[in-house]
Amino acid sequence: QVRLVQSGGGLVQTGGSLTLSCAASGGTISAFAMGWFRQAPGKEREFVGVVNWSGETTYYGDSVKGRFTVSRDNAKNTLYLRMNNLKTEDTAKYYCAVGRLPAKIAARYEYWGQGTQVTVSS
């Protein structure tokens, strides 16, 4: 059973940066895609970005493209999300996830982190 433990997040001002981490244990995730989603109160879970098993291919949601970067370190079994130029609309609870293939649909992912709050203030 793969377990994902997230860290990072917190409160940041508009234009600031944050990095989220997602450490996997209980199994090898190097052959799987790893993604990030977010969910704001009263809204559906939104795709943020995903990286394939090797780290060579990434996809992003339109609202974060050019500002966020997804990366992974398979030697450390860890996924990262670097968020730059943060906006108030980025405020949400962020979740990491592991799935067999890169996908923009949450249902395609098998394992999920516990979520971490990111709050961007103006």
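Across the chain, where is the longest run that never hits trypsin sites (Lys or Arg not before Pro) in a DSSP loop with at most 13 other C-beta atoms within 10 Å?
Details: sites that count: Lys43, Lys65, Lys76, Arg100.
Longest site-free region, per DSSP loop and neighbour criteria: 1-42.
Just the accessible area per residue of the range 31-104, please: how many Å² with a 1.4 Å probe? Don't jump to the answer; show the numbers that get you there.
Values: 3730 Å² over 74 residues.
Result: 50 Å² per residue.
Accessible area of the range 5-122 with a 1.4 Å probe: how many percent of it is carbon plus sulfur?
Details: 2900 of 5940 Å².
Looking at the range 5-122 in its full context, I get 49 percent from C and S.
Quick one: ranking Ile29, Ile105 by accessible area, 1.4 Å probe, largest first, what do you get?
Numbers: Ile29 0, Ile105 90 Å².
The ranking, largest first, comes out as Ile105, Ile29.
The values are calculated or read from the model by the stated rules, or taken from the named source; none is laboratory data. Quick caveat, the model's predicted, so the values are computed rather than measured. Glycine also receives a Cβ, built like all others from the backbone with ideal geometry; neighbour counts cover every protein chain displayed. All accessible areas refer to the heavy atoms of the entire protein, side chains included, with ligands and DNA or RNA removed. Shrake-Rupley method; radii C 1.70, N 1.55, O 1.52, S 1.80 Å.
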